[in-house]
Each structure stands twice: as structure tokens, then as C-alpha cells.
1. Between B:GLY214, B:GLY262, which is surrounded by fewer than 24 Cβ atoms within 10 Å (Cβ to Cβ), within 14 Å of chain A (Cβ to nearest Cβ), at negative phi and of a type outside the set (Phe, Trp, Tyr)?
2. Do you know which residues across segment B:577-597 are in contact (Cβ under 8 Å) with a residue 12 or more places away in the chain, in contact with a strand residue (DSSP E or B) (Cβ under 8 Å, 6 or more places away or on another chain) and either of a type in the set (D, E, K, R) or surrounded by fewer than 13 Cβ atoms within 10 Å (Cβ to Cβ) (or both)?
3. Do you know which residues across segment B:333-352 are surrounded by 18 or more Cβ atoms within 10 Å (Cβ to Cβ) and hydrophobic (A, V, I, L, M, F, W, C)?
4. Select, from A:VAL71, A:VAL58, the only residue that is surrounded by 15 or more Cβ atoms within 10 Å (Cβ to Cβ), at pLDDT below 90 and away from chain B (no Cβ under 12 Å).
5. In segment B:557-614, how many are modelled with pLDDT under 80 and β-branched (Val, Ile, Thr)?
6. Filter segment B:382-433 down to residues that are basic (Lys, Arg), modelled with pLDDT under 70 and over 25 Å from B:THR456 (Cα atoms), then give me how many there are.
7. Within the group B:ILE480, B:ILE507, B:ILE548, which residue is under 20 Å from B:THR456 (Cβ atoms) and either out of contact with any Phe, Trp or Tyr (no Cβ under 8 Å at 6 or more places or on another chain) or in a helix (DSSP H, G or I) (or both)?
8. How many residues does segment B:303-312 contain that are surrounded by fewer than 23 Cβ atoms within 10 Å (Cβ to Cβ) and either modelled with pLDDT of 95 or more or among the aliphatic types (A, V, I, L, M) (or both)?
Amino acid sequence: MDQNRKPMTREKFLAQMDEILGLRPGTLKGHEKLEDLKNWDSTALISLIVMAEDNNSVPIAPDQVVGCSTVADLLRLAQVDVSPS
Amino acid sequence: MGSEINTLHSGSLKALRLPSSAADLMRQRQSLKTELLKQANLIPTRIAILGGSTTAEVKGMLELFLLAQGIQPSFYESGYNRYSEDVLFGNPDLWNFKPDVVFIHTTWRNISQFPEVMESETAVEQDVQREMARFESLWEKIHLEMGALIIQNNFDLPHLRPLGNLEASESFSRVNFLQRLNAEFAKYARSHSRFLINDIHYLSAQVGLNAWYGRTYWYNFHMALSPTATVPLAQNVAAIVKSVYGKSKKCLVLDLDNTLWGGVIGDDGVQNLILGRDHPVGEAFLDFQRYVKDLQRRGVILAVCSKNEIENAKEGFSHPDSILKVEDFSAFKVNWNPKPESIREIASELNIGLDSLVFVDDNPAERALVADQLPEVAVPDVGADVSRFAEALEREHYFEVDKVVQDDLNRSAYYNANGQRSSYQSGFRDYDEFLASLEMTAEIASFSSVYLERITQLINKTNQFNLTTKRYTSAEVESISRDPGFITLYGRLADRFGDNGLVSVMIGRVADDTVELDLWLMSCRVLDREMEFAMFDALVEQCQARGIGKIVGVYIPSKKNKMVARHYAGLDFTRLNETSGDRQLWHYDVPQAYSMRTRFICRAAQTLPTTASD
């Protein structure tokens with residue numbers, strides 16, 4: 001991994017994911033099942049990958065997203081920093 | 001590429017700007033879409049995307065850019081790499097979708113077979129023709145069976161070069177093969193009116209091949225383009241669709257000082273203006289003038305809006321290096337009035353809507369004022385560096401056209417002649433004397449294939465003298481022109497000052513002994529010339545020839561067509577009580593003995609009761 005890349009904060013990750021999915025700010029908490037999210041599709045996944053790139057964050061490997069079933073799994077995949085921001 | 005995107009200029013949404021980066025655009029897509037869908041009067045269109053790769057991302061971006069142009073798409077998407085099978089095997093879902101537009105999103109990855117190394121030139125040419133035939137069979141079937149407009153990608157270049165620099169010279173190279181195919185695609189486009197190229201060969205060069213292609217996205221999602229590249233691609237396709245619907249801008253309104261030349265003409269004098277090759281900034285102004293002149297040559301109307309003394313302003317164009325001359329401008333508003341006021345006058349003088357104007361000024365305060373007070377006018381953020389002005393205009397695709405037709409090229413001449421007509425008019429005792437002196441001649445006839453492009457263009461951009469503001473695609477116009485169930489009329493008008501071109505269109509639906517006028521429009525450039533009387537006379541002739549006894553006029557009020565609210569009353573129609581939604585219906589009995597209403601227009605061609613297919 002590029003040493004300059006830093007994990008996003010949990011708040012920022014969830015806020016941007018809210019936006020990608022067209023949800024009100026603060027909707028996602030982390031425990032949600034991906035299959036229950038209305039706009040979770042390949043387009044949202046690609047947006048998520050681009051989001052990580054744009055934030056110079058830990059890249060999200062598309063082949064590993066297949067194993068994710070909750071938002072929390074995505075947070076782990078992106079090595080999201082859960083320490084207080 | 002720093003994907004810098006359109007600015008919206010539509011009414012209450014004027015503050016909403018599409019973001020300037022692909023990442024922001026993708027993140028905000030849902031909320032942007034929600035906002036854009038709030039616009040009034042969106043034009044619906046059906047677009048089938050036939051992909052040689054996955055297209056979900058393309059569809060999402062295209063939807064945003066079309067909505068930003070006031071066009072609301074619904075989509076059909078082929079399965080991955082099913083672009084060919086869907087057409088050739090007649091996928092019923094595609095046929096039932098009845099697309100207005102078919103966008104074939106293929107790239108170099110969809111070439112079925114590249115030439116072998118050391119293959120002879122003759123064999124390479126056969127390969128090119130074989131590949132061309134494969135694509136042509138799709139296009140012909142789409143045209144024949146769906147009648148849809150086709151937007152076809154040409155070919156980008158692969159980012160890897162197995163032959164190194166020999167890719168540029170060897171006939172059997174992939175680069176040569178793709179360039180030959182692009183030339184064949186272009187040739188096809190030149191000879192088929194319902195076929196437009198989406199030039200990804202140019203776009204990929206502009207973006208840069210390394211950014212155009214994204215390994216992660218190809219191997220994981222089979223996206224032929226990176227998300228970054230998808231943005232300019234969608235913007236380009238949206239610009240093509242916009243042009244087909246006649247939503248491109250018509251007029252470029254320019255400031256003078258520090259916009260067309262460096263310096264202030266009133267203070268510095270013409271001899272001290274910064275303009276010409278002997279100065280780096282002067283050369284940039286010269287190049288911008290050349291770009292503006294090129295726009296004018298292809299039909300964009302030019303206007304000046306400057307706070308200056310008029311003598312000084314005109315003197316600026318006498319600079320020996322100035323490419324633009326005073327006579328290149330169809331409107332010249334040079335005064336000390338607020339610029340929004342002058343721009344309103346320009347629109348009024350040219351008889352075009354404010355939404356047809358693009359305003360370029362180096363002064364951000366003037367830009368902000370115009371953007372605030374005239375939200376319909378497009379005001380690109382050109383900055384203060386003249387070397388970027390042309391790029392700012394290009395980026396927004398304001399003046400995209402689907403075809404350059406002769407009427408476009410003559411447009412500046414029409415408006416310049418209008419100025420002559422106005423001054424000429426002041427010398428007459430009354431208006432009738434003026435009209436008689438114009439020696440007007442009209443050609444009015446049923447739709448003819450040679451004019452279908454122009455007719456569709458007028459239908460999709462005329463707002464003011466337009467009784468129903470109904471929009472038709474080229475395919476619909478073509479189909480109506482061949483359908484005996486319709487009466488179609490176009491009108492051209494010429495006068496002593498020149499040819500005004502094709503200025504009026506009428507479509508009537510015939511049922512039994514009645515014709516209902518689905519469409520009647522006229523270009524505002526010939527208002528108050530009694531051209532509408534000439535058109536009505538021709539319609540009555542058609543009715544008499546076909547034994548039609550009743551004409552039903554339809555008026556659908558819109559924000560912009562109030563000028564024709566009493567049009568049918570003026571032609572002695574009777575208002576019917578029955579209405580359907582906003583539709584007002586008017587009735588006219590065709591008399592056996594009809595007195596021509598036209599007093600000053602001589603008809604050059606007899607209206608024949610025929611259709612374009614005859």
C-alpha cells in the first residue's frame with residue numbers, strides 16, 4: 001500500500017456513503033446490511049472505490065467487496081480509522 | 001483531465017452547479033438527480049445504450065448531463081457486450097422500448113479481429129471492410145426497423161503499443177487499422193443524416209490514454225473507460241443529444257476591453273491596444289478573435305455588449321491586427337447602460353430568446369450581474385486569462401450542432417439584413433407601404449426530404465411563435481412527411497435584402513373531413529411580415545384539394561408563446577368550448593370561395609397536395 005495513503009475517518013466514510021446512496025446525512029451507522037440499502041448496486045460500489053481514491057485513502061479492492069455483507073464489513077475493508085476524529 | 005462540467009442556467013436551479021470533479025459528481029449523483037428532476041418542461045427521450053462493455057456508469061452520468069440540458073431520458077441497456085446480438089437477433093425488449101436514440105458504446109476492445117503482423121496492405125483493407133460491414137449491418141437494421149437516431153463511438157487507441165513506434169507507420173498495426181476504420185465511420189456519417197459520431201478518438205486524446213483507461217475498472221467491472229473518462233464521454237453524448245433537440249445556443253455576446261483586445265480603447269487608444277503577434281498576451285487575444293470568427297463562419301451569431309463610447313468601440317476593430325470587424329456583429333450594444341439591459345435589447349433585436357445567448361466578459365462583476373439578473377443567459381466562468389476563454393466555451397459545448405446546414409451559415413447575413421430592413425422601414429409613410437416595397441417571395445410546399453433537417457431543427461428550438469410547442473425527433477418528422485394522414489407545409493421567405501431561409505412549419509393531422517393542426521410555428525425573424533397569412537392560404541389550398549372542410553387549430557399556452565394566444569382569433573377561427581388539459585381548440589370552416597389573405601407575399605412555388613415520398 002502507498003505509505004502516503006491514510007484511512008478515512010468513520011464519520012467521513014459514512015457521510016460520503018450516505019451521499020452516494022442518496023440517504024439523509026447521518027442515516028448510516030455501520031450495522032446496516034448492504035442488501036437492505038435501496039441504491040446499493042455496482043454503480044454505488046464504483047463510486048465508493050472512486051471515493052477512496054479521491055480521498056487518498058486505503059484503496060477498496062473490488063474483488064474483496066464480494067465478501068462484504070454489511071456496511072461494517074466495508075469499513076473494515078477500507079481500514080477505516082475508528083479513533084475519534 | 002480536470003473534468004470541469006457544465007453550469008446550469010435554468011430558472012430556480014441557476015445556483016446548482018454540476019461539480020468539477022468526477023469523484024464529486026459520482027458522490028453527489030443521487031442528490032443532483034433529485035434537484036435536476038425538479039426542473040419544469042423537461043423533454044422526455046428514450047435512449048438505448050448498446051454496450052461493448054458495461055454501461056451502468058455511462059448511463060448514470062449521461063442521465064445527469066441530459067437532465068442538466070433539460071432532457072429527461074429513460075434508458076434501455078443491452079447486456080454486457082450484447083450490442084451486436086441485441087440488434088441482429090432482434091431482442092424484443094429493445095424493439096418494444098422504441099428508442100429515439102440508440103447510443104452504441106463500443107471501443108477498440110470490440111474489434112473482432114486485428115490484422116496479423118506482416119499482413120499485406122490488401123488484406124488489411126479487406127479486414128477494415130469486413131469490420132465496417134459488421135457495424136453497417138447493425139446501423140442499417142436500426143435505421144430500417146427502429147428509425148432511431150444512432151450515436152456511434154468511433155475508436156479510441158489502445159494504451160499499449162506492441163509494435164512501438166511502428167504502430168504509427170505499418171499498415172498492419174492496430175493504430176493504422178483503427179484510424180482506417182475511423183475514416184470509414186466518418187464517411188458513413190457524412191452520407192447518413194440519422195447517424196452521428198461520438199468522437200472518443202478525440203476525447204481519449206484530450207483526457208490522455210493512461211487516464212482514459214483504468215485497469216481496476218476493466219478487470220473488475222469490464223468498464224472500457226475509467227470513471228474519470230466516463231464524465232467527458234457522457235458530457236459529449238449529452239451535447240450531441242442536446243443539439244438534436246435544438247437546445248444549442250445561437251448567439252455569442254462579447255465584451256470588448258480585455259475580452260477581444262488587451263487594454264481599454266477609450267483610455268489607451270487603438271494604437272496602444274494589446275493585440276497581435278508581437279506580444280504574448282496580444283497573440284492570445286488574436287487567437288481568441290480567430291476562434292470567435294470561426295464560430296461565426298459556422299453560423300453562430302455575434303453581438304457586442306460593452307460599456308464604451310460607440311465611436312471608440314468601432315475604432316478598436318480598425319486595429320490592423322484585428323481579425324474581427326464591425327460587420328461581423330449582428331447586434332452592437334455599446335453604451336453606459338447596465339449590461340443586463342443591453343443583453344435584453346440584443347435578444348429582442350435579434351428576435352431570439354435569452355436562453356439562446358452566451359455572454360463572455362473578463363470582468364467577474366459584470367458576469368455575476370448578468371448571471372443573477374438574466375438566469376436564462378449562459379455565463380461561463382471564463383476567468384481573466386484570455387488564453388483560456390475559448391477552452392471555457394468549448395468545455396460547455398454551447399454551440400454543438402448535429403449538422404451544419406446552409407441556413408446556419410446564412411444566419412449572420414439574415415440578422416445583418418434585418419438591421420438594414422429596420423432602417424429602410426423608417427422611410428415609409430405606413431407599414432403596408434414598407435411591406436409592399438420588400439418584394440417578398442415565399443416558397444411554400446409539403447415537407448421535402450432536402451429540408452427535413454432544418455424542419456426538425458426549427459421544430460425543436462422555436463418557442464415564441466409556436467402554437468403547441470410540440471417537439472418531434474427527426475425520425476418522427478421523416479415518418480410524418482411520408483404519411484398521407486398528415487398535411488405538412490414548410491415556408492421559405494425571401495425579400496429584397498436577402499433570403500430568410502426556411503422560417504415556418506405546419507403539421508396537420510387529417511381525420512375524415514377535418515385537419516387538426518398539431519404544429520404551427522414561425523421563426524421570429526420574419527414576424528409582422530404576413531408570412532403566417534401565406535402559410536394559412538397554402539393550408540386552405542391543401543384542404544380544398546383534399547376535400548377537407550374543417551380546420552381545428554390547437555393552442556397550448558406556454559411561458560414563451562403568449563404572442564400567439566390570439567393567433568387563431570386573428571384568422572377568424574371560433575373558439576370551441578371543449579378543451580383537453582391546457583389545449584385550446586379553435587374551429588374554422590373552409591369556404592368554397594376563399595379570398596387569399598396574403599397581400600404582399602408572392603408565392604414562388606405552388607403548394608402541392610403531396611407528401612415527401614411522392
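The values are calculated or read from the model by the stated rules, or taken from the named source; none is laboratory data. If you're wondering where the values come from, they're calculated on a predicted model, not measured in any experiment. Cβ placement follows ideal geometry from the backbone for every residue including glycine, while neighbour counts extend to all protein chains displayed.
1. Testing whether each residue is surrounded by fewer than 24 Cβ atoms within 10 Å (Cβ to Cβ), within 14 Å of chain A (Cβ to nearest Cβ), at negative phi and of a type outside the set (Phe, Trp, Tyr) leaves just B:GLY214.
2. Of everything in segment B:577-597, those that are in contact (Cβ under 8 Å) with a residue 12 or more places away in the chain, in contact with a strand residue (DSSP E or B) (Cβ under 8 Å, 6 or more places away or on another chain) and either of a type in the set (D, E, K, R) or surrounded by fewer than 13 Cβ atoms within 10 Å (Cβ to Cβ) (or both) turn out to be B:ARG583, B:ASP589.
3. B:VAL334, B:ILE343, B:ILE346, B:ALA347, B:LEU350, B:ILE352
4. A:VAL58 is the lone residue from the list that is surrounded by 15 or more Cβ atoms within 10 Å (Cβ to Cβ), at pLDDT below 90 and away from chain B (no Cβ under 12 Å).
5. Adding up the residues that qualify gives 4.
6. Number of matching residues: 1.
7. From the options B:ILE480, B:ILE507, B:ILE548, the qualifying one is B:ILE480.
8. Final tally of qualifying residues: 1.
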